[in-house]
Structures are given as structure tokens and as C-alpha cells.
Amino acid sequence: MKLFDSHCHLDDPSYEEDMNEVIERARDNSVLSAMIVGTHLESSRKAVEIACRFEGLYASVGVHPHDAKTCSDTVMDELMDLAKNPKVRAWGETGLDFNRMFSPRADQEKWFLRQLDFADSLNLPVILHERDSKGRFYETLKDSHTPARTGVVHCFSGNKKEMAQYLDLGFHIGITGIVTQASRGEDLRKLLPQIPVDRLLIETDAPYLTPAPQRNKFRRNEPAFVLSVLLKIAEVRGEDPETLSEILWRNTCRLFQIKSV
């Protein structure tokens, strides 16, 4: 079995003391690759640095909607330079988040659209974040859509209509440990069988969203736990875990333009 954690934040300070052990545990649980996702300039720098240290790790660069208020043309220029590193295989995490409003809506929308343009110019898939945007996120994606654009709506927790809209635009759907949680994951489990298997990705969003099997033992999520996400998806969809893992591995490598081995 080969697993690819398509979204984690190993740049988080909580991993500084035991990074080698985290990677070792991942490999012990068949997690051979992971995408370390940048959320602002310094985060992106650190993601690239970590990816360069370990075989099988890759990075994305970008500015999260929470950090849009700190974005600038200078930041974009530096991210573009970072994106030249061969370990960088995606742009993001970018999108819209009107829940906590850590950045003004105008800043979020401006830099979301700019980042989509940058990703398109570099032929990089986009890693997308959406929360409580009341349809504005989809409108932005639809209005700026190009046939060549690819990406993933990470940590999907929307409804059937939203899922269909993202699929129609050609995006993948990223599933986190929420799917393992009895109450919070109920609606997501109902939608799982309707996601085309070739558009499905698994992720941890570590150190957040620890899957149910580990939540009572570990406060911090980590890539090794993406195995629990896979097993729950296989159970809900009535599919063989090993067969599903191979499909998801190929999906992720194809999206991030990584040679599958």
C-alpha cells in the first residue's frame, strides 16, 4: 500500500522537535509522500526547505485567505521565485474565508484572483480553501476559469450542489479526518459515494483535524494518520482499501505532476 497525504502543514512549530520521527512514522504507515502546504511567505519558505530535506515530500507556495491582509506585490514576487524550486508542485493554499474574517473581504478577493493567475502562468495546480463565502468562492473560480486549470478543494465540507460545481470545473475533492467523526462527518460520509474515484484525494491537514481513531490519544495530527482517512473512505464506499489506495496515489501524483513509482 502507498499513501499520499495531499495536504499537511509540517512547517508548523509543533513538529520542530521530532520531524524525523514524524516522517518515520508516516513511512511505517505506508505514507510515502506528502504535500506541505504554504499559507504565507515565511510558511512557504519553510515548506520548501522541509520538502528539500526529505525524499517523497513536496511543497506548495501561497497565501491563505486569513493572511491576505499581509499580501503584496513583493510577497507575490518572492513566492514566484520560490515556485521555481523543483520540489514546488502546487500553488496555495488560497481561497476565501468569510467565517472569522482575519483579513478584509476586499483583500481576500483581490489576492485570491491574483494567485489563480499566478498558478495558471506557472502551470501549477491550485490548493483551494473555502469557508462561508456564500457562493463568492465558486463565482470567482467560474468567472476566471481556464480549461487548463487544475486543483483540489481541500478539506471539503460543503453540500452536494457545491461538490458538483467544483467537479464540473475539473477540480479534485480532498477528504480529511472529519470523515471519521461520528457527528461532524455524517453529511460528508453521505456524499462520499458520489465523488468520482478519479477525483478523490486524502489528506490530514495536520496538525489539525486528527481522525477519530487517534483523537483520544494524540492532540497533534500527523501524516501517518491519513491511513485512518483512507480506511474510513474505503468502508463507506464499500471498496477494497489496497485497491483504493493505489487509485488515490495515482490521482495525487497526476494532479501534482509527480512521476508515480
Which of these, His64, His172, His145, has the largest mean-square fluctuation under a Gaussian network model of the chain (Cα springs below 10 Å)?
His145
Please list, in chain and number order, the residues 5+ apart from Ser33 or on another chain whose amide H is under 5 Å from its amide H, with Hs placed from the backbone.
Leu3, Asp5
The range 16-28 - phi-based ³J(HN,Hα) in whole Hz, Karplus 6.51/-1.76/1.60, Gly and Pro as x:
4, 8, 9, 4, 4, 5, 4, 5, 5, 5, 4, 5, 5
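In whole percent, what relative contact order does the range 80-212 give with Cα contacts below 8 Å and a gap of six or more residues?
For the range 80-212, the relative contact order is 19 percent.
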How long is the gain from Lys259 to Ile247 if the chain were fully straight, where each residue apart is worth 0.36 nm and the alpha carbon distance is subtracted?
2.9 nm
Sorted by chain and number, the residues with a modelled amide H under 5 Å from that of Tyr208, at a separation of 5 or more or across chains, are Asn221
For Asp132 and Lys160 in one chain, what is 0.36 nm times their gap in residues minus the Cα-Cα distance, to one decimal in nm?
8.5 nm
Filter the trypsin sites (Lys or Arg not before Pro) in the range 148-234 down to the DSSP loop ones having no more than 10 other Cβ atoms within 10 Å, then list what survives.
Lys217, Arg219
Starting at the first residue of the range 119-130, write each ³J(HN,Hα) from the Karplus equation 6.51 cos²θ - 1.76 cosθ + 1.60 with θ = phi - 60°, in whole Hz, x for Gly and Pro.
4, 4, 5, 9, 6, 9, x, 9, 9, 10, 10, 9
Read-out percent of Cα pairs over 29 Å apart, derived from the coordinates shown; its label in [x] 24; [y] 38; [z] 34:
[x]
For the range 36-46, just list the computed ³J(HN,Hα) in residue order, Karplus coefficients 6.51, -1.76 and 1.60, θ = phi - 60°, integers in Hz, with x standing in for Gly and Pro.
8, 9, x, 10, 7, 4, 5, 4, 5, 4, 5
Under 22 Å from Lys110, Cα to Cα: lysines that are on another chain or at least 8 residues apart
Lys69, Lys134, Lys142
Along its three principal axes, how long is the range 157-252 when you only count alpha carbons? Whole Å, largest extent first please.
39, 26, 22
Could you line up Thr150, Thr210, Thr176, Thr74 from fewest to most neighbouring Cβ atoms inside 10 Å?
Thr74, Thr150, Thr210, Thr176
How far apart, in nm, are the 7 Å Cα→Cβ label points at Phe102 and Glu24?
3.2 nm
Longest exposed-site-free window of the chain, the sites being GluC sites (Glu not before Pro) in a DSSP loop that have at most 10 other C-beta atoms within 10 Å:
56-261
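Rule-based calculations on the coordinates, nothing more; no lab input. Source: prediction; values computed, not measured. Note: ideal-geometry Cβ built from the backbone for every residue, glycine included; neighbour counts use all protein chains shown.
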